[in-house]
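The values are calculated or read from the model by the stated rules, or taken from the named source; none is laboratory data. It should be emphasised that the depicted structure is a prediction, and the values quoted were computed from it without experimental measurement. Positions of Cβ are generated from backbone atoms using ideal geometry, with glycine treated the same way; all protein chains shown enter the neighbour counts.
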Amino acid sequence: MRPSIIALTSAARARTGSSTTTPPLVRLFTRVGCSLCHPVHFIITKTQTRYPFRYESVDIDHPSHGHYHPLYTNDIPVVTINAAEIARHGLDEKTFIQELEKRGIKPNSK
């Protein structure tokens, strides 16, 4: 997985209740070839269809992200919400949703 930012659509921004409120940032710290990271990426992107947040996948081996390498090299995947670590080595959907809701992130209205 390469570093990428999945932008929040204006429709999803509207569901947060305010166009000026910045949705929380979920980061997945990963590296190319990380077999544990693929299921976590899937859970995050699947959940993003129901909850408003920004998502960034960070390759810790990329030269521009080198400062993360010593922090996470033996622990990926690592997931944070607004820089607060919520998981290392894996993440299940139920725990991820609990962490989002604990931070006041509500599901999108249907």
Cβ pairs under 6 Å, 6+ apart or interchain, first in the stretch 37-57 and more than 18 Å from Gly90 (Cβ to Cβ), second modelled with pLDDT under 95 and among the hydroxyl-bearing types (Ser, Thr, Tyr), ordered by first then second residue, are Pro52/Thr16
Conditions: (1) free of Cβ contacts under 8 Å to residues at least 40 places away in the same chain; (2) within 16 Å of Cys34 (Cβ to Cβ); (3) crowded, with 17+ Cβ neighbours inside 10 Å; (4) not polar (S, T, N, Q). Asp61 meets all but one. Number of the miss? (3)
Failed item, numbered, when Gly90 is tested on (1) in contact with a His (Cβ under 7 Å, 6 or more places away or on another chain); (2) in a loop (DSSP other than H, G, I, E, B): (1)
